[in-house]
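These notes are about the structure you will find just below.
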Amino acid sequence: MRLLARRFGVFRLPINYGVNMRERGFSLIELLVVVAIILIIAAIAIPSFLHSRMAANESSAVYSIRTINTAQVTYATTYPTVGYASALNMLAAPTSGGEITSSNAGILDWVLGCLSQPCEKSGYSFAIVPGTASPDGSLNSYSVWGKPTSVGITGFRGFCSDNMNPVQYDPTGGINCTQPLQ
């Protein structure tokens, strides 16, 4: 019988052949190959993800600087005897539902208008630097800056603006902004 089976290509498989293969699972080599492929894909994807996150943080910082500038104009228009706000908390909403006044104008949200400067948002720290006061005591100039909390990790560039200039940036991540934002 065996001779005939070999001659005509008919082989008998063991009765439990399919059961053993299903129970055996994957070999160690097969699992290592799959893990190696996943690690290669992750090594390619993670730097792109981090760069995208820093670009998003920088975009958020520029938007926040512009929001603060708009809030300053609104504040100076609403409170002409005070002029511009000297700190971010003056532009924020009053705590615990208090009355809106020149010390808590309710123009900025609680993230940008935190209680003490610098205020952190999306990996950047923001602050207002008061400028000069006019003879009547109102603040007639200010500057605002936003810099990464960790240069190279949360962002590369620092951003600045004031009541007279558009947003500019510092390529080193500081607050010495001389480059115009394109």
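Coordinate-derived values only; no laboratory data. The model shown is predicted, which means the values in this text are computed figures rather than measured ones. Ideal geometry is used to build each Cβ from the backbone, glycine not excepted, and the neighbour counts take in all protein chains shown.
Toward the positive end of the charge dipole of segment 57-170, with +1 on the Cβ of Lys and Arg and -1 on the Cβ of Asp and Glu, the farthest Cα among Y124, G152, I100 is that of G152.
Direction-averaged projected area, Cα convex hull, segment 58-180: 7.2 nm², rounded to one decimal. Residue exposure proxy: I153, I128, I175, ordered by other Cβ atoms within 10 angstrom of their Cβ from fewest to most, comes out as I153, I175, I128.
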